[in-house]
Amino acid sequence: KGLTTNPSLMRKSGVKNYELFCKCNEINERRRSLSLFISNLLNYDVVDCDIILNIITMLHSNIEEMILIENKGPSVLEIVENVSIIIQNSLDKLIKNDNWGKILDYVNIMRVRKNKQYVSLPSKSIFKYMDIYDKIKDLEK
């Protein structure tokens, strides 16, 4: 389960059901912790970079599907949060891989998208990709 097999990520308003809200926050925090753990596995050479790039690519595919489906904005944002954690925490390793270009291409696509052109693309998701891009540029200096 975790990052790649559960596309029905949850972010709910706590006003209607505080218990559900707390449960969703707990699930999302676990997911973010898992993202950090996965990126640290790469940083300590426990897993191959291609495995992490495949996870990121799969998450990007999920984003592409979900931005076209009504009411999936919170789920898109949660996936983007996890992609951001993985990329920003392991950037030094990721950029050295031959397949990094595909991820960089997607970052460049996402950072210039207009949220009004998609039914479920929160502005915050676009800003997250802008942050990722800025970190990439800082590292290249």
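Structure notes:
- Hits in the range 117-126 (condition: in a helix (DSSP H, G or I) and farther than 18 Å from Ile56 by Cα): Gln117, Ser123, Lys124
- Some residue of the range 90-101 being hydroxyl-bearing (Ser, Thr, Tyr), open to solvent by less than 80 Å² (accessible area, probe 1.4 Å) and either in contact with an Asp or Glu (Cβ under 7 Å, 6 or more places away or on another chain) or under 17 Å from Cys49 (Cβ atoms) (or both): yes
- Hits in the range 1-58 (condition: at pLDDT 90 or above, surrounded by 14 or more Cβ atoms within 10 Å (Cβ to Cβ) and assigned to a loop (DSSP other than H, G, I, E, B)): Val47
- Cβ pairs under 7 Å, 6+ apart, first in the range 106-122 and hydroxyl-bearing (Ser, Thr, Tyr), second modelled with pLDDT of 95 or more and not in a loop (DSSP other than H, G, I, E, B): Tyr106/His60; Ser120/Met66; Ser120/Gly73; Ser120/Val76
- Residue match in the range 91-110 (condition: modelled with pLDDT of 95 or more, among the acidic types (Asp, Glu), part of a helix (DSSP H, G or I) and touching a Leu at 6+ places or on another chain (Cβ under 9 Å)): yes
The values are calculated or read from the model by the stated rules, or taken from the named source; none is laboratory data. For clarity, every value in this text was computed on a predicted model and none was experimentally measured. All Cβ positions, glycine included, derive from the backbone under ideal geometry; neighbour counts span all protein chains shown. With ligands, DNA and RNA removed, areas are computed over all heavy atoms of the protein, side chains included. Shrake-Rupley method; radii C 1.70, N 1.55, O 1.52, S 1.80 Å.
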